[in-house]
Amino acid sequence: MGPLDDTDREVISILQLDGRTSNREIARKLGISEATVRNRVGRLIGDGLINIVAVPTPLAVGLTMSAIIGVSVQMRHLDEVVDTITDYREVRYVGLSTGQFDVIIEAFFEDQEQMLEFVTRKLGRLDGVSDVETSVILKVAKFSYEWEIPD
């Protein structure tokens, strides 16, 4: 896996805006051949540098609430708690962190009752979990899949 060159960066930038952009359209925008685009996209995917997927919004699947949840965990239970949390269908993001919480998760819910059940009956009953703090997301001001690709 080599470093990205300027053409790779330009291809990725176009795909970040619309992952359905055809190789032909990318080639036209960049002034290169369609075969070059096809080969580069294939290499970027094959090397694990990009993924092209359809991601439904939470609302599309009936999830109207989201929350960022901080979880404090006794260190001897950290691996098993993280493994369990990653299997919960409500959870979309799990990060081990420094600071006040050992684990930060983002989870999506149909309603307040489902969130209450998740926090009290799932997280609250895990061996090793000593504290849970929930912050409900009231409004998403920015959500993006675009990344600045450094030179």
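Since every read-out is calculated from the coordinates, none of them should be taken as a lab result. Keep in mind that this is a model prediction, so the values were computed, not measured. Every residue, glycine as well, gets a Cβ built from its backbone with ideal geometry; the counts of neighbours run over all protein chains shown.
Per-structure values
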read-out: Pairwise FRET efficiency - Thr21 versus Arg92, Cβ, R0 = 22 Å, nearest 0.05; value: 0.30
read-out: Estimated 222 nm signal from helices in the chain, with DSSP H stretches of n ≥ 4 weighted -39500 (n - 2.57), rounded to 500; value: -9500 deg cm²/dmol
read-out: Packing-based exposure ordering (other Cβ within 10 Å, fewest first) of Met115, Met65; value: Met65, Met115
read-out: Qualifying aspartates and glutamates (Cα of each under 20 Å from Cα of Lys142; at least 8 residues distant if same chain); value: Asp18, Glu106
read-out: Three-way shape label, region 1-76, alpha-carbon gyration tensor, a/c 1.5; value: oblate
read-out: Difference of contour (0.36 nm per residue) and Cα-Cα distance, Ala54 to Glu117; value: 19.8 nm
read-out: Inter-centroid distance (Cα atoms) of region 118-141 relative to region 50-94, Å; value: 11
read-out: Difference of contour (0.36 nm per residue) and Cα-Cα distance, Arg43 to Glu133; value: 28.2 nm
read-out: Paramagnetic label zone (point 7 Å from Cα along Cα-to-C-beta, Glu80; backbone N under 12 Å) in region 111-145; value: 126-129
